[in-house]
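A.B. asks: Can you read through this structure? Questions will come right after.
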Amino acid sequence: MSIHPNARIVPSADVSEQADIGEGSSVWHLAQVREEARIGRNCIVGRGAYIGTGVEMGNNCKVQNYALVYEPARLGNGVFIGPAVVLTNDTYPRAINPDGSQKSAHDWEPVGVTILEGAAIGARAVCVAPVTIGAWSTVAAGAVVTRDVPDFALMVGVPAKRIGWVGKAGQRLTETDAGWQCPQTGALYEENDGTLREVPAHD
């Protein structure tokens, strides 16, 4: 494991020497990055954020202030984690066993949240492991995700439900005669059986 010489680690951050921090990445004040965490190139870990043991982050990710990314989470390239987001890792949380003894690290098995390329998780949202958040999807602020999220889905509420689609630019898509269209880029998307795919320009 190594910290790239061009990575920026501020003095108040707590970064394990056993972590791997990529070129151009920044870890800000009071953030903690645990052992064997792997952070790609050009990532930002904001103030007070927590990156758990063995968490894997791709390139160009942003983890905003006070977000909690518990192991064994996996983040693809370009993932956005908003302020105070929580990615859980315990399906049946308890401080003690049924006999009253305190639980140890050996008394439970961590399960992780997987977030695919380009997805965005809004402020104070909670993703309950084990769930997979689809590529380029958006989870609204304050939502609680308890089921897998399709690519390009717009998820809101508690528990989170899909209310529409978003494109790669993050804006909600509008339905047209030609399919779903991004109001910013003009890109077209095609829906089929509850899934969405971007239509290549030559189609």
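A.B. asks: Which one is farthest from residue 89 (Cα to Cα), of the residues in the range 142-158 that are surrounded by 20 or more Cβ atoms within 10 Å (Cβ to Cβ) and free of Cβ contacts under 8 Å to residues at least 40 places away in the same chain?
C.D. replies: 154
A.B. asks: Now, a different point. Would you confirm, using the coordinates I've provided, whether residue 166 is surrounded by 12 or more Cβ atoms within 10 Å (Cβ to Cβ), at pLDDT 95 or above, touching a strand residue (DSSP E or B) at 6+ places or on another chain (Cβ under 7 Å) and among the aliphatic types (A, V, I, L, M)?
C.D. replies: Details: surrounded by 12 or more Cβ atoms within 10 Å (Cβ to Cβ): yes; at pLDDT 95 or above: yes; touching a strand residue (DSSP E or B) at 6+ places or on another chain (Cβ under 7 Å): yes; among the aliphatic types (A, V, I, L, M): yes.
Yes; evaluated as a whole, the condition is true for this residue.
A.B. asks: Return the residue satisfying two criteria in turn: it lies in the range 8-56 and is assigned to a strand (DSSP E or B) and hydroxyl-bearing (Ser, Thr, Tyr), and of such residues it is surrounded by the fewest Cβ atoms within 10 Å (Cβ to Cβ).
C.D. replies: Restricting attention to the range 8-56, the residues satisfying the condition of being assigned to a strand (DSSP E or B) are 8-9, 14-15, 20-21, 26-27, 32-33, 38-39, 44-45, 50-51, 56.
Cutting the leftovers down to hydroxyl-bearing (Ser, Thr, Tyr) gives us 26, 50.
Working: 26: 18, 50: 20.
Among them, the one singled out is 26.
A.B. asks: Okay, next question. All but one of (1) touching a strand residue (DSSP E or B) at 6+ places or on another chain (Cβ under 9 Å); (2) surrounded by 17 or more Cβ atoms within 10 Å (Cβ to Cβ) hold for residue 130, so report the exception by its number.
C.D. replies: Evaluating residue 130 over (1) touching a strand residue (DSSP E or B) at 6+ places or on another chain (Cβ under 9 Å); (2) surrounded by 17 or more Cβ atoms within 10 Å (Cβ to Cβ) leaves (2) as the failure.
A.B. asks: Right, something else. Does residue 161 qualify as being buried (at least 16 other Cβ atoms within 10 Å of the Cβ), over 22 Å from residue 53 (Cα atoms) and not β-branched (Val, Ile, Thr)? Give the derivation first.
C.D. replies: On the way: buried (at least 16 other Cβ atoms within 10 Å of the Cβ): no; over 22 Å from residue 53 (Cα atoms): yes; not β-branched (Val, Ile, Thr): yes.
When the stated conditions are applied, residue 161 does not pass them.
A.B. asks: So for the range 82-105 (the condition being out of contact with any strand residue (DSSP E or B) (no Cβ under 9 Å at 6 or more places or on another chain), in contact (Cβ under 8 Å) with a residue 40 or more places away in the chain, closer than 27 Å to residue 136 by Cβ and not acidic (Asp, Glu)), does at least one residue qualify? Can you show your working first?
C.D. replies: Let us first name the residues in the range 82-105 that are out of contact with any strand residue (DSSP E or B) (no Cβ under 9 Å at 6 or more places or on another chain), namely 83, 89-94, 97-101, 104-105.
Checking the rest, the ones that are also in contact (Cβ under 8 Å) with a residue 40 or more places away in the chain come to 83, 89.
Okay, now just the ones that are also closer than 27 Å to residue 136 by Cβ, so 83, 89.
Retained after the next criterion (residues that are not acidic (Asp, Glu)): 83, 89.
Checked the range 82-105: at least one residue is out of contact with any strand residue (DSSP E or B) (no Cβ under 9 Å at 6 or more places or on another chain), in contact (Cβ under 8 Å) with a residue 40 or more places away in the chain, closer than 27 Å to residue 136 by Cβ and not acidic (Asp, Glu).
Listed here are the residues, each with its yes/no results for (1) within 19 Å of residue 83 (Cβ to Cβ); (2) in contact with a Lys or Arg (Cβ under 8 Å, 6 or more places away or on another chain); (3) among the hydroxyl-bearing types (Ser, Thr, Tyr).
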position: 27; (1), (2), (3): yes, yes, no
position: 34; (1), (2), (3): no, no, no
position: 38; (1), (2), (3): no, no, no
position: 43; (1), (2), (3): yes, yes, no
position: 46; (1), (2), (3): yes, yes, no
position: 53; (1), (2), (3): no, yes, yes
position: 60; (1), (2), (3): yes, yes, no
position: 63; (1), (2), (3): yes, no, no
position: 68; (1), (2), (3): yes, no, no
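A.B. asks: Further, regarding this structure: Would you point out the residue of the range 66-101, among those that are at pLDDT 95 or above and part of a strand (DSSP E or B), that is farthest from residue 46 (Cα to Cα)? Full working, then the answer.
C.D. replies: Step one: list which residues in the range 66-101 are at pLDDT 95 or above, which gives 66-89.
In the following step, the residues that additionally are part of a strand (DSSP E or B) were identified as 68-69, 74-75, 80-81, 86-87.
Values: 68: 11, 69: 12, 74: 18, 75: 16, 80: 11, 81: 10, 86: 14, 87: 16 Å.
Among them, the one singled out is 74.
The values are calculated or read from the model by the stated rules, or taken from the named source; none is laboratory data. Fair warning: this is a prediction, and the values are worked out from it, not measured in the lab. Neighbour counts are summed over all protein chains in view; Cβ atoms, including those assigned to glycine, are modelled from backbone coordinates with ideal geometry.
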